[in-house]
Amino acid sequence: MNAAKLISDAIVGNDFKTVIVNNKPYTIYPPIIHKIAGAVSCFSSIDIGESVCFKDIFLLCKDNMMLAKALSWMIKDDESLTEELSKGTNSEVVDALLIAFSLVSTEDFLKAVSLMKNVQNLTAKQKL
């Protein structure tokens, strides 16, 4: 993804995904650290062993309520949607969590940082 598009989408609010759980749509915006920490804390009791990706971790969790709680954090920044989301299938909740965590892209983040550095160098060059 083009870094300029990434930033402009963020500014105008076009950086979101819509997921369907239990036939109801939910909008997920790129998560901030607080949302990510809340969601990840829901999985603290799972022994992830050699799991290397989010999908493996989510599939290890057989407790749909725990998955729903993590998804609630990603959607609403708290646990208020847990009960409602737990009525969805395990597959729906796992897919929605994968989409939510896909909004945290290292590649896009690094492009944005690079663009920011370029802009900073253009505008804040110190005169010698």
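Tabulated data
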{"read-out": "Prolate/oblate/rounded label for the range 48-94 (Cα gyration tensor, a/c 1.5)", "value": "prolate"}
{"read-out": "All aspartates and glutamates inside 18 Å of Lys55 as judged from Cα atoms, apart from same-chain residues fewer than 8 positions distant", "value": "Asp47, Asp63, Glu92, Asp95"}
{"read-out": "Computed E for Lys5/Leu60 - FRET, C-beta separation, R0 41 angstrom, nearest 0.05", "value": "0.70"}
{"read-out": "Förster radius 30 Å - calculated FRET efficiency between Val12 and Asp78, Cβ distance, rounded to 0.05", "value": "0.70"}
{"read-out": "Label point distance in nm, Lys87-Ser41, each placed 7 Å from Cα along Cα→Cβ", "value": "2.7 nm"}
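Read-outs: derived from the displayed coordinates by stated rules, not from any lab. What you see is a predicted model, and the numbers here were worked out from it, not measured in a lab. Reconstructed Cβ throughout: ideal geometry from the backbone, glycine too, with neighbour counts over all protein chains shown.
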